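Worksheet: one structure, shown below.
The values are calculated or read from the model by the stated rules, or taken from the named source; none is laboratory data. Note that this is a predicted model, so its numbers are computed, not measured. Virtual Cβ from ideal backbone geometry, glycine too; neighbours counted across all protein chains shown. Surface accessibility is based on the protein's heavy atoms, side chains included, excluding ligands, DNA and RNA. Shrake-Rupley method; radii C 1.70, N 1.55, O 1.52, S 1.80 Å.
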4 protein chains.
Amino acid sequence: MQDYRVSLEEIHTYVKNIEDTGKVASYIPELANVNKAHFGIYLNNLKGEDQHIGDYNIPFSVQSISKVLTLSKALQLIGTDVWKRMDVEPSGDPFNHLSLLELEEGIPRNPLINAGAIVIADILVSELKDPKNEFLQFVRDITNDQTIAFNEKVALSEKNTGFVNYATANLLKSFGNLKNDVETVLDFYFHQCALEMTCKQLSNAFYLFANRGNCMRDVAHLSLTQVKRINAIMLTCGFYDEAGEFAFEVGLPGKSGVGGGIVALLPNEFVIVTWSPGLNPKGNSYLGMQALEQFTTKTGKSIF
Amino acid sequence: MQDYRVSLEEIHTYVKNIEDTGKVASYIPELANVNKAHFGIYLNNLKGEDQHIGDYNIPFSVQSISKVLTLSKALQLIGTDVWKRMDVEPSGDPFNHLSLLELEEGIPRNPLINAGAIVIADILVSELKDPKNEFLQFVRDITNDQTIAFNEKVALSEKNTGFVNYATANLLKSFGNLKNDVETVLDFYFHQCALEMTCKQLSNAFYLFANRGNCMRDVAHLSLTQVKRINAIMLTCGFYDEAGEFAFEVGLPGKSGVGGGIVALLPNEFVIVTWSPGLNPKGNSYLGMQALEQFTTKTGKSIF
Amino acid sequence: MQDYRVSLEEIHTYVKNIEDTGKVASYIPELANVNKAHFGIYLNNLKGEDQHIGDYNIPFSVQSISKVLTLSKALQLIGTDVWKRMDVEPSGDPFNHLSLLELEEGIPRNPLINAGAIVIADILVSELKDPKNEFLQFVRDITNDQTIAFNEKVALSEKNTGFVNYATANLLKSFGNLKNDVETVLDFYFHQCALEMTCKQLSNAFYLFANRGNCMRDVAHLSLTQVKRINAIMLTCGFYDEAGEFAFEVGLPGKSGVGGGIVALLPNEFVIVTWSPGLNPKGNSYLGMQALEQFTTKTGKSIF
Amino acid sequence: MQDYRVSLEEIHTYVKNIEDTGKVASYIPELANVNKAHFGIYLNNLKGEDQHIGDYNIPFSVQSISKVLTLSKALQLIGTDVWKRMDVEPSGDPFNHLSLLELEEGIPRNPLINAGAIVIADILVSELKDPKNEFLQFVRDITNDQTIAFNEKVALSEKNTGFVNYATANLLKSFGNLKNDVETVLDFYFHQCALEMTCKQLSNAFYLFANRGNCMRDVAHLSLTQVKRINAIMLTCGFYDEAGEFAFEVGLPGKSGVGGGIVALLPNEFVIVTWSPGLNPKGNSYLGMQALEQFTTKTGKSIF
C-alpha cells in the first residue's frame, strides 16, 4: 500500500499543475453553482487501509454514477429479465442518442445511457412499493451510512430542464418499453441522479463490485456472476463516448457523472473515487480522468 | 368541365374494383372507429361548378391536412420570420424522424412534418390571444362555414397516446426552438389535428391556394408569393416519405392526413379532395392516392 | 415576350451588383481552372424567339445536368423497369449519402443523386453497344448539334479524383445493384459528367421536357407521361439538399451542375439556362440561383 | 492446470451436444468451402503446459484476427502516431458502417473495424519496404514458426468480391486518410486476412499480449503500455457489434474472425484459441462463443 500513498500525493501535485480547462455542467442550473476548485480522491483498498486527499468528504451530486446502483437493484429484483428490455452493447454514438433508440425500436443499447437507465427506473418503479425510499435505503445499506440523501433542489432543477429525458421517456413509451407513466418514472430518475454522496461514501458503495458482490459488512447483495457483468458493462459503457478511451488510458471498470465524480475499481484489489467538477467536452471530469490515468500508470494496476 | 364529370364517375368505378388493402389508423384509438368503407370526392373548379361523388359531405378528422392551414395563419401573422425556425427541405427519411432533429440541432426540415408543425403551433400560441378559438375562426372564415369544429374526443385520444409528439416537442424545447411550454403547445396541436371537415369544406378551405391567396368570398388572406411557396412546400413535402412518389404519379401540390383525406390542387384551375380511411404503409390513403392518380392521368391535368 | 427581354437585362444588372461569394468547384482539378467571372443566360421560349445575354455561347462542363439526359435515354430504352432499381424520393440528407444507400440496401433514393445516376449509367452500359458514343449521339440529336463533345481531360480528372464515386459504385456492386464492372460504369459516368455544352445548347436539349417529349425538330423522344415524371423528379430532387429551397424560391423544375450551370423550365412555355461558375455551399451556382429567383419573381412565371 | 484440462474436455462434450445453427461465411467464395464440422481448442498457459482438443492443428483463414497483428506492427513502427488517424471507441453500430465514416470525416472509430484496419494497412504499406513479406515475417517471428503463409487463393477471392472494402478504402481516400493508392493498400489487406494459422499457432502469436509484450522466445516486441492498450481495444472492439456481449458473457480481451477462429486471453495467465467455422448472425463463431463462455464460467477466469 505504500506505493498507493505515494501515488495519491503525487497525483494531487500533478493535477494541481494542470490548467483545468473543464467546465462545470450548466444545463442543470443547480449544478452550475458548484465551485470548480473542489478536488478529492478516496482510495479504498478493501482491507481497511484507506487513503484520501483533498475534498474527499464533501458530498456532491452523483448523477449518472447512480445508474450502476439502480442497475444493481434491478438485477437483485428481477435478475436476467432486465436484458429482455435493453442490450449490453456500447452506444458508440457521440451525438445521436434518440436516433439509435428509433432505429432499434425502443431497445436501449445498454443500462448506462440515459434511455437504458430510464427503463431501469421503470423496472424499479414497477417492482418497489415505495421506489424512491426503498432505493435510497439500498444505497444506505450497501454504504453502511444512513445520512445519504437526495438533494430535492437538484431533483427539481433536473425536472424543470430535463427536456431530453422527457423526450427519451416518451419515445420509450411509444415503443411500449415503459410500463409506468412518464412523470412517475422520471420523478424517480431525477431523484436517483440527485443523490448526494462523498468520495468516501461512493467508494464504500462500490466496494461490493470489487468484493465479489459482498458489501463492507460482508452481506451478499449480488452474485459473483452479476458483479462480473456489471463490471464488464462499466468498462465498455461507463464513460459515454469516451468509454473506449478510458479503457485504453486507464484500464479499469468505472463510471462517471456530470457532477464531476468518477468511480473506478480493480476487482479484488481496490475502489478509487475522484471528484473534480470541471467536465471535458464529452461530459467526464477533466482532472478526474487525468488523475486516474496517472494512478494506473504509476501503480501499474489495471485489468489488462 | 365535362371531362371532369366523366372522370369522377369513372374514378369511383375504378376505385370500387380495387381491393382496399389499406388499414385505418389505429394508433389514435378514436380514429380506429371510422368505417373503412367510406369514400368521397369533391372537385371545386373555382367557378362554382363543383362536382362530387360518394361521402363528400361527411366530416372526418383532417389530421395533418391542418398543418397547411396553421402554416398559412403563421405566415399571415409573422411572415418570413417563420423560416428562422425551420427549413423548407423534404425530410426524405422514412423512419428516423427524431434523429434528423438531433442532427440539425432542433431545426425541423419543413413545416409539414410533425416537428415543424409543432413549431408552427408554438408560433400561433405565442401570437394569438386565444389560440384554439382564433385558429378555428380562421378556418371557418376561409371556408365560409361556421359549423366547423374540433372533435374533443379525438383531441383527447391524441393527447393520451401522443408519446412521439411529446418526445418531439421536448426535443425541440431542449434545443430552444419551443417558446411556450410543451403541454400548451401540444394541446393546441392535438386540437388542430382533431379538426373535422368534409371533403367539400376542405375544398373550400384550400380554394385560396388555387386562387392566388383569395378565399371564396374573394377576401385576400395571403399574398401571391406566400401561396406559391405554400404550394411548393405541399408538392415537395406534403406526403411524408411518398412526396416524391406523389409528385411523380400525380403531379399536383397536395397534403394528406391519417384520417384518410387528401387535398390536391392545380393553381388557377381546381381543388380536389378525396376521402378513404384505409392507409397504405406510408400513412397516405390507399384508394385516395389511386383516385388522384387516375384523375390526373385521365384529365391530363398536372403542374408538369 | 417583351417582358422576358426586359427581365434578362434587368437580371444581368441585378446580378452584376451582387458580390459573388460562390466558389468554383475545386475537387475536380480541371474544373478549378474555369474563370469565375463568366456569366450567361439563354432563354428559349419554344417559339423561336430566343433571347440571351453574356457568355451564353461558351461551352462549360455540364456535370450533373447530364443526369437528366441519361435518365431520359434509360427510360427510352427500358421504360418503367428503371424504377425497379431506384426510387423517386428526395434524398433530404445534407451529408450522409452513403449511409442512406446502406440503410436502404443499395436502392438509390432517386436518379439525380450520384448513386442513382451511377445505376442509370450501368443500365446504359448494359443496353447500348457503344455506350459513350451512342449516348453522345442522343444528346447531339435532341440538341440538333453535332459539335457537342466530351472533354477528355475533365473525364480523366474526374476519374483520378472520384474516390467518393468509386466508393458509391462499389457499395452498389456489393448490394447487387450494379450489373457491369465498376471501372466500365464509372468510365461512362465520368464521361457523361464531362460533356461540354453552352447555355444555348442546353436549352435546346431540354426543349423536349418543355415540349411534351418532342425535340426542336419535332421528333418524339419521350412520352408525355415520361416527360411529366422527369419534370417532377427535377422539381423534387434536382438541386441536392436545396431542392426544396429551389421549388420554394423559384418554383420551376430544373437541374444544376457543379460546373455552374442551371437549367429550369416551365412546361409549354420556356426553358432558361444560366451559367456562373461560383458555387454556394450546397454546390449550386450562387449567382445562377439568384438570377432564376429574380426571373420568376419579375415574370410571375412558375408552376405554382 | 488440472481444472483447465477438465474444462477443455467438458467443453468439447458440451459443444458437441449443441446444434450448430451457425453458417459458414459465404461472401468470400473460397471460405465457403470449409467443412463446418471442424472444431478445435488450444490453451496455452504461458508455462509450456499447453492443452488442446479436436482440430487444433489444422490451419484456417484467420481473417480479422490478423488486425491485432497489423496493429501491433504499426505500433511498433510509428507508436502513438497511429492514433492521429483513428480513434479507439467501439463502433456500436450494427449495420451502418460507411455512414459513421462519413459523419466522422474519414476517421475510423477503431483499428479493429475494417475501415480502421485498412488505415493500419496503409501505414504498413508506407513504412515497410516489402510490406507483405515483412509483415509475414513478423508473424512468423512472434509465433516462432516459419511455415505460416498467406493463402493466395483466398486473397484473390477476397479481392474479387471485396466491394465493401473497396468502397471503404475509396471513402477513406476521399477524406485524405489513405496515403497510398487503393489497390496497393487493399492487396496488402486482402493478404493479411488470408493468413492461415492453426489454433496452436494463433495461441503462440497472441502469447505476447498475455506476456507483457514478450513473445515465446522472450523477445520484447511491444512495451507493457502498448500491450495493455491493445488488450483494452480487443475487449471493447474485438467482436463487431457483439463486443459488449462478449465482455459481458466471457469477460476476456479477444478477437474473432469470419474464418471461425476466436482468440481470447487473460493477461499473465493464458491464451485460448477456438475454431469452429459456423458463424452466428453477427459474424462470430457460434460454437466458439459458447465454448469460451463455458470455459470462463467453469474456470471462473475473467478480468472482472
Starting from the exponent 0.38 and prefactor 2.2 Å, build the expected Rg for region B:178-254 from its residue count and divide its actual Cα Rg by it.
1.31
Rounded to whole Å, give me the distance from the Cα center of region A:162-233 to that of region A:80-152.
5
Amide proton proximity set for A:Asn214, modelled H, under 5 Å, gap of 5+
A:His221
Convert each backbone phi in region B:193-205 into a coupling constant with the Karplus relation 6.51 cos²θ - 1.76 cosθ + 1.60 (shift: θ = phi - 60°), then list the ³J(HN,Hα) values in order as whole Hz, x for Gly and Pro.
5, 8, 4, 10, 9, 8, 4, 5, 4, 5, 5, 5, 5
Tell me, what is the per residue accessible area of region B:3-137 in Å², probe radius 1.4 Å?
41
In sequence order, what are the phi-derived ³J(HN,Hα) couplings for region A:157-164 according to the Karplus relation 6.51 cos²θ - 1.76 cosθ + 1.60 with θ = phi - 60°, rounded to whole Hz, with x for glycine and proline?
4, 5, 4, 6, 10, x, 5, 5
Ranked highest first by average number of other Cβ atoms within 10 Å, how do B:130-137, D:114-121 line up?
D:114-121, B:130-137
Distant-in-sequence amide H partners of B:Asn110 (H built 1.01 Å from N, under 5 Å)
B:Asp87, B:Gly116
For B:Ala149, what residues show an amide H to amide H distance below 5 Å, using hydrogens built from the backbone and excluding near sequence neighbours?
B:Glu196
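Mind checking Rg over Rh on the protein assembly as shown, alpha carbons, Kirkwood formula for Rh? Don't jump to the answer; show the numbers that get you there.
Details: Rg = 33.1 Å, Rh = 33.0 Å.
Taking Rh as the inverse mean 1/r over Cα pairs, Rg/Rh reads 1.00.
Would you mind checking the pairs C:Lys200/C:Lys228; A:Lys179/B:Lys132; B:Lys200/C:Lys84 and listing those with alpha carbons more than 28 angstrom apart?
Numbers: C:Lys200/C:Lys228 23 Å; A:Lys179/B:Lys132 32 Å; B:Lys200/C:Lys84 38 Å.
Going by Cα-Cα distance, A:Lys179/B:Lys132; B:Lys200/C:Lys84 fall outside the 28 Å limit.
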Gaussian network model of chain D, springs between alpha carbon atoms under 10 Å - residue of D:Gly283, D:Gly254, D:Gly54 with greatest fluctuation:
D:Gly54
Residues of region C:215-233 that become at least 30 Å² less accessible with every protein chain present than in their own chain isolated, using 1.4 Å: which are they?
C:Lys228, C:Arg229, C:Ala232
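Enter the mean number of other protein chain beta carbons within 10 Å of the beta carbon of each residue in C:177-183, as an integer.
On the way: counts 0, 1, 0, 0, 0, 4, 0.
Taking the mean over all residues of the peptide, I get 1.
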Show me, for region C:147-156, the HN-Hα J-couplings you get by feeding each phi into the Karplus relation (A = 6.51, B = -1.76, C = 1.60, θ = phi - 60°), rounded to Hz, glycine and proline as x.
8, 5, 8, 6, 9, 5, 5, 5, 4, 5
When the accessible area of region B:46-131 is computed with all protein chains present and a 1.4 Å probe, what percentage of it is carbon and sulfur?
47
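For A:292-301, what's the mean count of beta carbons from other chains sitting within 10 Å of each residue's beta carbon?
Per-residue shielding by partner chains comes out at 1.
Report the accessible surface area buried between chains D and A, summing both sides, using a 1.4 Å probe on protein heavy atoms only, in Å² rounded to the nearest 100. Intermediate results must be reported in sequence, preceding the final value.
Values: alone 12670 and 12690 Å², together 22500 Å².
That pair of chains buries around 2900 Å² in total.
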re region C:127-183: pairs of Cα atoms spaced beyond 18 Å account for a percent value of 54
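Quantify how strongly other chains surround peptide B:156-166 by giving the mean number of their Cβ atoms within 10 Å of each of its Cβ atoms. Don't jump to the answer; show the numbers that get you there.
Numbers: counts 0, 0, 0, 0, 0, 2, 2, 11, 7, 2, 8.
That average works out to 3.
For region A:2-299, what is the convex hull volume of the alpha-carbon atoms per residue, in Å³?
Values: hull volume 33.0 nm³, N = 298.
Roughly 111 Å³ of hull volume per residue.
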